[in-house]
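The values are calculated or read from the model by the stated rules, or taken from the named source; none is laboratory data. Everything quoted here is computed from the prediction, not taken from an experiment. Note: ideal-geometry Cβ built from the backbone for every residue, glycine included; neighbour counts use all protein chains shown.
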């Protein structure tokens, strides 16, 4: 299995795992386990059995579909779908067995509304089109939906009627946002937006902690397995009420606020300004006093922090920079919990740490059934 098969390009929702799509679930687990054991063999540490996904199908609570146009009755109509693996071609397809069923239904109704209002997909071949992508996220705890219409420009004719029609199809839509992506880029979301309905966010809950989720903020797409991922990581971190924890790439504060229940203090560092705003809101919402969130580059801020008992890092699929890892070794946290959605970049980073740290636990977590992707937790302890 090559590196590309582990690449979770969620910005495209193009599931680069066609060989897994129709495979028996337990056969998938065997293959993933074997691959991970081979990859981590040089570290001479046992890879624990994969934590199975409690909901192998219809688990994905965030879906992004691309828009295209098809010829229908001598005219062109918008369709939503997924990118064909390994290409820029969009295959009209809404229903997928890893998507939440209600999200599938909502996307179908949104497509019908856009067709009714003669809204076309934008492309270089159809520059008069408007829609580039449609994003839907669902809260597991509230069952409410967020809808994001990604457009080429600020223009969205009849947007009030479109919003009314979408709401008529599903009463659980809590907010609708228009995001403007006017650049020719594979990046789905642009930097400009306007709220068409609601407050611009939804809320979810992990254990007894509530979280406000903005559409640009990172939040795991599989809420059923997310709780097991975080519980395992924090249990292995072995936190006490004397510990200072630093959470790098802290996002909206999910791990930080869960850790705050066990630790003396938690410092979350995140470069995304909106995510830090949400994290601070979530801290206040849950009346948590011992967590601090800082909007800054993780490396620069980490250089200023002394006496770290536990460092938690959950970077993007690209992993961490070499300079950041050198800063980690200089700060010498007693324990490191490294969560990754790409074992290849995780292994690359671990090679930079093992001169100072020993790996004591490797736990894969199946967050993405019926794809080749895997989440992996590695616990490291300072050698001296």
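If residue 145 satisfies every condition in (1) at positive phi; (2) under 26 Å from the mean Cα position of the chain (by Cα) but one, which is the exception?
(1)
Which residues, taken from segment 1-20, are surrounded by fewer than 15 Cβ atoms within 10 Å (Cβ to Cβ) and at pLDDT 50 or above?
18, 19
Yes/no per residue for (1) surrounded by 15 or more Cβ atoms within 10 Å (Cβ to Cβ); (2) in the same structural domain as residue 100 (by TED's automatic domain parsing); (3) at positive phi; (4) in contact with a strand residue (DSSP E or B) (Cβ under 7 Å, 6 or more places away or on another chain):
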residue: 38; (1), (2), (3), (4): no, no, no, no
residue: 45; (1), (2), (3), (4): yes, no, no, yes
residue: 49; (1), (2), (3), (4): no, no, no, no
residue: 68; (1), (2), (3), (4): yes, yes, no, yes
residue: 72; (1), (2), (3), (4): no, yes, no, no
residue: 75; (1), (2), (3), (4): no, yes, no, no
residue: 78; (1), (2), (3), (4): yes, yes, no, yes
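Given the criterion crowded, with 22+ Cβ neighbours inside 10 Å, in the same structural domain as residue 162 (by TED's automatic domain parsing) and either free of Cβ contacts under 8 Å to residues at least 60 places away in the same chain or closer than 24 Å to residue 159 by Cβ (or both), identify the matching residue among 131, 115. Full working, then the answer.
Details: 115 fails: crowded, with 22+ Cβ neighbours inside 10 Å.
The match here is 131.
Which of (1) within 29 Å of residue 164 (Cβ to Cβ); (2) in a loop (DSSP other than H, G, I, E, B); (3) modelled with pLDDT under 95 does residue 58 not meet, given it meets every other one?
(3)
On the given criteria, is residue 161 under 22 Å from the mean Cα position of the chain (by Cα), outside the structural domain of residue 280 (by TED's automatic domain parsing) and either modelled with pLDDT of 95 or more or farther than 14 Å from residue 80 by Cα (or both)? Walk me through how you get there before you give the answer.
Working: under 22 Å from the mean Cα position of the chain (by Cα): no; outside the structural domain of residue 280 (by TED's automatic domain parsing): yes; either modelled with pLDDT of 95 or more or farther than 14 Å from residue 80 by Cα (or both): yes.
So residue 161 fails the test.
Identify all residues within segment 72-94 that are touching a helix residue (DSSP H, G or I) at 6+ places or on another chain (Cβ under 7 Å) and either assigned to a loop (DSSP other than H, G, I, E, B) or at pLDDT below 90 (or both); write none if there are none.
85, 94, listed by residue number.
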